[in-house]
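The values are calculated or read from the model by the stated rules, or taken from the named source; none is laboratory data. This one's a predicted model, so the numbers in the text were calculated from it and none came from an experiment. Quick reminder, even Gly has a Cβ in these numbers, built from the backbone with ideal geometry, and neighbours come from all protein chains shown.
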Amino acid sequence: MRHPVITLLTDFGAKDHYVASMKGVILGINPRCTLIDITHQVRPQDIEEGAFLLAGAFSSFPRGAIHLSVVDPGVGGPRRPVLVVTSNYFFVGPDNGIFTLALHREKVKRVIVLSNKKYFLSRMSSTFHGRDLFAPVAAYLSLGVKPETFGHRTDTWVELSLRRPVQKAKELTGEILHADIFGNLVSNVDGETLIDFVRDRPFSIHVGGHRMDGLRKGYWEGEKGKTMALIGSGGFLEIAVREGDAQKKLKARKGDPIVVRVP
């Protein structure tokens, strides 16, 4: 890219120095790149949530953007550090499934296992590969270093075993994947699956003892303080409360079931 963009997604939070250290390393190598924070509030060690949040954001960036993602409970262990090259983007991070959902939407061209220590920091910590390994690789990549220079190719990579909605008779059962900052509950039921299941029939949606009939077009259609269902910006069935917090109102958590029923 003429004006390289590097995004960052981690579970490091904002309290400590970790994110700033990664940015410092990147800017020390390429002070002209643009750094964009996707989020650093992934639940600690929650690879699945990191994969979901990355999938919701990566395609909004210009072609050639480098997506640096570190949710890495296995840091220092046998998991491999990788660079994934797709038709449109680069993904840098641990090979633990963090890129699963994003790669379902991209054509993978090649995967490089990062092994060339020339592009790591000279002093490597076994507990902070985000700073010492992934950040410098992303920075050198933004300078135009060829992907193959960073290591050797592999034909395999780790994918998360993500649960899919289950259809039985007149019920479609999914689960809550994520609660956003507004308390909106995002499920693993995508819009196409829902439409195929209901087939223009009336339907109801059930979460934690609450029932919602049909879908709303947007948050504005909901009644203040009441639960409603809609297809959110990421394309998934979502439960929300207008000017309220669905997670608190329903006392729902990640993994809780969401059931769609037809007559």
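Quick one: in the stretch 68-115, of everything that is of a type in the set (Ser, Thr, Tyr) and under 22 Å from Arg2 (Cβ atoms), which residue is surrounded by the most Cβ atoms within 10 Å (Cβ to Cβ)?
Of all residues in the stretch 68-115, those of a type in the set (Ser, Thr, Tyr) come to 69, 86-87, 89, 100, 115.
Adding the requirement that they be under 22 Å from Arg2 (Cβ atoms) leaves 86-87, 89.
Working: Thr86: 19, Ser87: 9, Tyr89: 22.
For the stretch 68-115, the residue satisfying everything is Tyr89.
Which numbered condition in (1) at pLDDT 95 or above; (2) under 18 Å from the mean Cα position of the chain (by Cα); (3) not in a strand (DSSP E or B) is the only one that Thr7 fails?
(3)
Mind checking which residues of the stretch 233-246 are surrounded by fewer than 20 Cβ atoms within 10 Å (Cβ to Cβ) and of a type outside the set (Lys, Arg)?
Ser233, Gly234, Gly235, Glu243, Gly244, Asp245
Residue under question is Ser161, and the condition is that it be free of Cβ contacts under 8 Å to residues at least 12 places away in the same chain, out of contact with any strand residue (DSSP E or B) (no Cβ under 8 Å at 6 or more places or on another chain) and outside the structural domain of Pro257 (by TED's automatic domain parsing); does it hold? Spell out the reasoning first.
On the way: free of Cβ contacts under 8 Å to residues at least 12 places away in the same chain: yes; out of contact with any strand residue (DSSP E or B) (no Cβ under 8 Å at 6 or more places or on another chain): yes; outside the structural domain of Pro257 (by TED's automatic domain parsing): yes.
Yes.
Using beta carbons and a limit of 8 Å, which pairs, at least six apart or on different chains, have the first residue in the stretch 114-140 and closer than 20 Å to Ala20 by Cβ and the second one acidic (Asp, Glu) and surrounded by fewer than 24 Cβ atoms within 10 Å (Cβ to Cβ)?
Within 8 Å, the pairs are Phe120/Asp132; Leu121/Asp132; Arg123/Asp132; Met124/Asp132; Ser125/Asp132.
Run down Ala246, Ala169 and say which single residue is in contact with a strand residue (DSSP E or B) (Cβ under 6 Å, 6 or more places away or on another chain) and either of a type in the set (A, V, I, L, M) or in contact (Cβ under 8 Å) with a residue 24 or more places away in the chain (or both). Write out each step before concluding.
Values: Ala169 fails: in contact with a strand residue (DSSP E or B) (Cβ under 6 Å, 6 or more places away or on another chain).
The unique qualifying residue is Ala246.
Within the stretch 173-188, is there a residue that is loosely packed, with under 13 Cβ neighbours inside 10 Å and in contact with a strand residue (DSSP E or B) (Cβ under 6 Å, 6 or more places away or on another chain)?
Looking for residues that are loosely packed, with under 13 Cβ neighbours inside 10 Å and in contact with a strand residue (DSSP E or B) (Cβ under 6 Å, 6 or more places away or on another chain), one finds none in the stretch 173-188, hence no.
Residue by residue, here is whether (1) in a strand (DSSP E or B); (2) of a type in the set (Phe, Trp, Tyr); (3) in contact (Cβ under 8 Å) with a residue 60 or more places away in the chain holds:
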| position | (1), (2), (3) |
| --- | --- |
| Glu175 | yes, no, yes |
| His178 | yes, no, yes |
| Phe182 | no, yes, yes |
| Val189 | yes, no, yes |
| Ile195 | no, no, no |
| Trp220 | no, yes, no |
| Ala229 | yes, no, no |
| Leu237 | yes, no, yes |
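Being small (Gly, Ala, Ser), over 27 Å from His178 (Cα atoms) and touching a residue at least 12 places away in the same chain (Cβ under 8 Å) is the requirement here; does Ser59 meet it? Reasoning before the result, please.
Values: small (Gly, Ala, Ser): yes; over 27 Å from His178 (Cα atoms): no; touching a residue at least 12 places away in the same chain (Cβ under 8 Å): yes.
The answer is no for Ser59.
Of the residues Ala51, Ala20, Ala65, which single one is over 30 Å from Gly255 (Cβ atoms) and surrounded by 18 or more Cβ atoms within 10 Å (Cβ to Cβ)? Explain how you work it out, then say what you get.
Details: Ala51 fails: over 30 Å from Gly255 (Cβ atoms); Ala20 fails: surrounded by 18 or more Cβ atoms within 10 Å (Cβ to Cβ).
Only one candidate qualifies: Ala65.
Which one of these is of a type in the set (Lys, Arg), over 18 Å from Val75 (Cα atoms) and part of a helix (DSSP H, G or I): Lys23, Lys15? Even if it seems obvious, please write down each step before you answer.
On the way: Lys15 fails: part of a helix (DSSP H, G or I).
After applying the criteria, what remains is Lys23.
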